[in-house]
Amino acid sequence: MRRFDWLIPLLALVACGSGPADTDPTEIDKEEFACELGALNAEGGFAPYGEADDAEMVLGFQGFLFLRARVEAERAPSWCRALTSLEVPGEAPNGSARPEVSFEAGEGGHLSDQIPIFLPTANISAYVGQTATLAARLEGPTEFCVAVATVTLRDDDACVHAGGEDDCGDTGTP
């Protein structure tokens with residue numbers, strides 16, 4: 001099986017549901033536009049993911065483990081839905097959908113708001129240092145883009161994520 005053969009069936013599975021009621025994807029030939037998957041850097045600017053990049057895992061308030069991804073695109077659709085997937089070697093891909101994504105004009109094009117890409121479980125220690133393949137498909141009424149990236153998963157917050165193995169005390173720092 002080729003490296004990304006899993007992407008199309010997964011995105012189709014995640015795509016259950018529809019956009020606005022007046023949009024029927026079977027009636028429209030959608031135009032593809034360019035986009036990149038990445039995250040905000042320490043300065044608040046967009047940094048696209050590359051082969052050697054890493055991505056910080058975040059533990060959400062409801063116990064979900066995710067990455068804070070963003071997409072930079074050459075143009076912003078009027079309405080957009082995000083379908084995402086994450087695959088770690090040895091595990092089935094994990095997919096999710098975000099029903100509405102908005103964009104803001106920036107220096108390199110249009111930057112999406114945060115798009116969470118979820119991991120299958122909240123077992124952070126099992127994922128630290130693992131390589132993950134991320135994919136996102138952003139789809140608007142008449143256009144779409146697909147971005148794929150490979151990252152190394154990291155955990156920078158030992159006090160929250162160590163599962164009781166740390167000694168953070170009252171300060172919240174190790």
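Laboratory data are not the source of any read-out in this text; all were calculated from the coordinates shown. It should be emphasised that the depicted structure is a prediction, and the values quoted were computed from it without experimental measurement. Glycine also receives a Cβ, built like all others from the backbone with ideal geometry; neighbour counts cover every protein chain displayed.
Might you check whether a residue that is surrounded by 17 or more Cβ atoms within 10 Å (Cβ to Cβ) and either polar (S, T, N, Q) or in contact (Cβ under 8 Å) with a residue 40 or more places away in the chain (or both) occurs anywhere in segment 98-109?
Checked segment 98-109: no residue is surrounded by 17 or more Cβ atoms within 10 Å (Cβ to Cβ) and either polar (S, T, N, Q) or in contact (Cβ under 8 Å) with a residue 40 or more places away in the chain (or both).
When segment 134-155 is examined, which residues are found to be in a loop (DSSP other than H, G, I, E, B) and within 20 Å of LEU119 (Cβ to Cβ)?
Hit for segment 134-155 is ASP155, nothing else.
Please give the strands (runs of 3 or more DSSP E) falling wholly within segment 71-133 in which 1 or more residues are of a type outside the set (Phe, Trp, Tyr) and in contact with a Ser or Thr (Cβ under 6 Å, 6 or more places away or on another chain). Step through it out loud before you land on a result.
Details: elements: 81-87, 94-98, 103-106, 109-112, 115-118.
Ranges flagged: 81-87, 94-98, 115-118.
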